[in-house]
Amino acid sequence: MKPFMSLCMIVKDEEQVIDRSLSSIWHLVDEIIVVDTGSNDHTKEIAAKYTPHIYEFKWIDDFSVARNYAASKASGEWILVIDADEYVDEENFKEFIKEIKNDKGMYDAYSAKILNFTGNYGENLVQNFHDRIYKNNSQISYYRKIHEQFKKQSGEPLKSKNSNLLIFHSGYLNETVDKKEKKQRNKELLDKEMSSGDNNAFDYFNFGNEYFSSGEYSKALESYLKAYKLKQDFRLSWVSTTLIQIVICLIHLRRYNDAIKVIADAESIYTTSPEIPYLKGEIFFVRGQLEDAKNMFLQIINNNEKYHHVIMRPDLKDQKPHNRLGQIYLYEENYERAIYHYTSVLNINKYNQESIKKVIYILNKFHSVAEISNFFNRENLVDSKNIKYYVEASFDFGNPDLALSILENFYEEHKNLYSVGLLKKLCIKKEENLEAFQDGLDYSLIKELVQLNWINVIDVFLLREFMKQNNIECDLMIHFEKEKALKTLIDILHNEYVEETIEESLFIFSLQTLINYKQFSLCETLLSNIQHLNQKSVSKVAALLFSNGFKTEALQLYEKAEWNYFSEQDFLNIINSLLQTENIADALNITKYAMSIYEQDFRFYKIILEHAQEDELYETTLLRARELFLDSFYLERFN
């Protein structure tokens, strides 16, 4: 009997991922064809665990030729194409097979929804539909060197359908893209495709994607605009994606009003797509229109059922709006709302490191270790895969007791990390018995922990101080004291520093860490050496102090710093402090000056509109704000 579904896969040096891929699907298909294009690792040996049908094929810079060769070896009624860095969900795949059988051969081919994990850790999610399933009747093949598509040999239109099949793809994670040099390879293949002279809208779309992934947003925008202009049918899936990418390019290029105008046109077409209101909210957010941004992001999450047609970014429907709302409420010091939205992110994606860090930062300000641990258990937030993120954040904010409490439920899996927690507790709180660590106080081991960022230079300094206070001799410190960072820190914190300047990064890191560790006397000592920093660094120290609640000390430093080094937030810190003391005149004068430098930051306009005492200042500011900040709901309240 003829097999129903043949899996075809082309591979090269995929030993890191191919086992995950084939193990997810080998028992769901009837035949597996693997074509190797020149692996130098153990790819073929791993594939051989799942199939005897392994073939070699010389790579000729053409994905379609390789895929068509793989198809020539398949004997099933249908061919499914997936790559080694992709995998499937068993239940979804079974439903997909039912779908094909229920269609009774009505379609020639199907597209699958590809869910691409991008960024450093898969924190972003991008989706697209791609031709992946087709009848094995010798009438259908792939064409194009890259970003392959189906075609019928006869030239007739292909009858196709978007299927319910989901394919998960990890090949666009930053590390993988860099290691396999995908950007350069794709660019070269696209150059060859474009030089054939038969360029169409889809070619320009793919060129835009390559420029975009390389951060060349002007070139990407140019390609996307050509693609959109040459489109033959706006219903093609890549057309809506092109529109979204045009908006994102305009945002990167700081052409915000142009982006708003494109969104205004798109709103009437893609009324149920979350990307449109999210990107509008994103523009408001980056321009400091926080009330407008809140309005857009809340609109999405409060009407989630309306936005059911995702074009390319599923995370813009829920995860990203919650994250932005968390950032806004944290900026406004509305901690209750901030914790709600950051926790909402974690209920969607338990591995979002930024949200984990923010949740611990907020809870650590107001709650005990027991209360925080109970909250994590109640919300079921911590698991064996993300526990290191929680431990790392607990360490960063100077709470090793919280880290140890979290680790208690995973002790057997993380005994070594628990020991690190005890060492951190000794460094920060001096509450552990040093004798328990005598065997572990080896220079090479502690140095490795430093390199892995589990132990930092402040930890080493505090450990050294503890050992000296208790007259404990150890070869460990003899080695560390030769290192520049620790030697500099020892001299500074003992008021023995004689060099002219201090490295800014060391000073800033040390100050923030000492604040987190509540080592305030050492903070004072460190700040007494601020004369060794340049003016630009002084303003950064002032901003750090302000953000940590030391506003009086921050304002004193701002008085010593030069305004030409101030960021938008530096000016806002000073202005808001003046407003709190009802020094309206000085606040407005500084706001006008800051606005002349940072014209695109709406927060300065808002201050003047809410506090201006002169009609002329109010009216000119309102007029300019309406010219610069299109579609602002907030500005509608002003006459």
Accessible heavy-atom area order of Trp238, Trp563, highest first, probe of 1.4 Å: Trp563, Trp238
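Largest first, how would Glu275, Glu496 line up by accessible area (1.4 Å probe)?
In descending accessible area the options line up as Glu496, Glu275.
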Can you tell me how segment 366-427 classifies by the Cα gyration tensor, rounded, prolate or oblate, using a/c under 1.5 as the rounded cut? oblate
Quick one: go through segment 277-293 and flag any residue whose amide nitrogen is under 19 Å from the point 7 Å out along the Cα-to-Cβ line of His309. 277-280
Cα centroid separation, segment 544-595 to segment 267-335 (Å): 30
Given 16-22, 279-285, the highest-first ranking by average Cβ count within 10 Å works out to 279-285, 16-22
Surface per residue (accessible, 1.4 Å probe) for segment 341-478, Å²: 49
If you fit an axis through the alpha-carbon atoms of helix 319-331 and take the longest principal axis of the Cα set of the chain, what angle between them do you get, 0 to 90°, nearest 10? 10
Listed highest first by mean packing, meaning other Cβ atoms within 10 Å per residue, what order do 601-609, 477-485 come in? 601-609, 477-485
Kindly write out, for segment 470-487 in residue order, the coupling ³J(HN,Hα) from the Karplus curve 6.51 cos²θ - 1.76 cosθ + 1.60 (θ = phi - 60°), rounded to whole Hz, with x marking Gly and Pro. 9, 6, 9, 9, 7, 5, 3, 6, 4, 6, 5, 5, 7, 7, 4, 4, 5, 4
Helix 90-103: inclination vs the chain longest Cα principal axis, degrees, rounded to 10, gives 30
How large is the accessible surface of His367 in square angstrom, using a 1.4 angstrom probe and rounding to the nearest 10? 90
Just to confirm the number: angle between the C-alpha axis of helix 568-580 and the first principal axis of the chain, 0 to 90 degrees, nearest 10? 50
Treating every alpha carbon of segment 187-338 as one equal point scatterer without solvent, the Debye formula yields log10 I(q)/I(0) values at q = 0.12, 0.20 Å⁻¹ of -0.54, -1.22
Direction-averaged shadow area of the convex hull around the Cα atoms of the chain, nm²? 34.4
Which loop GluC sites (Glu not before Pro) in segment 312-405, with loop taken from DSSP, have no more than 15 other Cβ atoms within 10 angstrom of their Cβ? Glu332, Glu333
List the pairs from Lys358/Lys447; Lys12/Lys229; Lys94/Lys357; Lys280/Lys358 whose alpha-carbon separation is above 31 Å, in the order I gave them. Lys12/Lys229; Lys94/Lys357
Computed accessible area, Cys523, all protein chains, 1.4 angstrom probe, square angstrom: 10
Bins of 10 Å, starting at 0 and running to the largest distance - Cα pair percent for segment 306-439: 12, 38, 29, 14, 5, 1, 0
For segment 493-639, how big is the tail of P(r) above 27 Å, as a whole percent of Cα pairs? 35
Suppose every Lys and Arg Cβ carries +1 and every Asp and Glu Cβ carries -1, with no other charges. What dipole size does segment 484-639 come out with about its Cα centre, to the nearest 20 debye? 480
Segment 443-479 and segment 7-24 have their Cα centres apart by a whole-number Å value of 44
Whole-percent carbon and sulfur contribution to the accessible surface of the chain (1.4 Å, no ligands, DNA or RNA) stands at 46
Ranked by how many other beta carbons lie within 10 Å on average, peptides 570-577, 53-60 from highest: 570-577, 53-60
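The values are calculated or read from the model by the stated rules, or taken from the named source; none is laboratory data. This structure is a prediction, so every number in the text was calculated from the model and none was measured. Positions of Cβ are backbone-derived with ideal geometry, glycine not excepted, and every protein chain shown enters the neighbour counts. Each accessible area value is taken on the protein alone, full model and side chains, heavy atoms only, with ligands, DNA and RNA left out. Shrake-Rupley method; radii C 1.70, N 1.55, O 1.52, S 1.80 Å.
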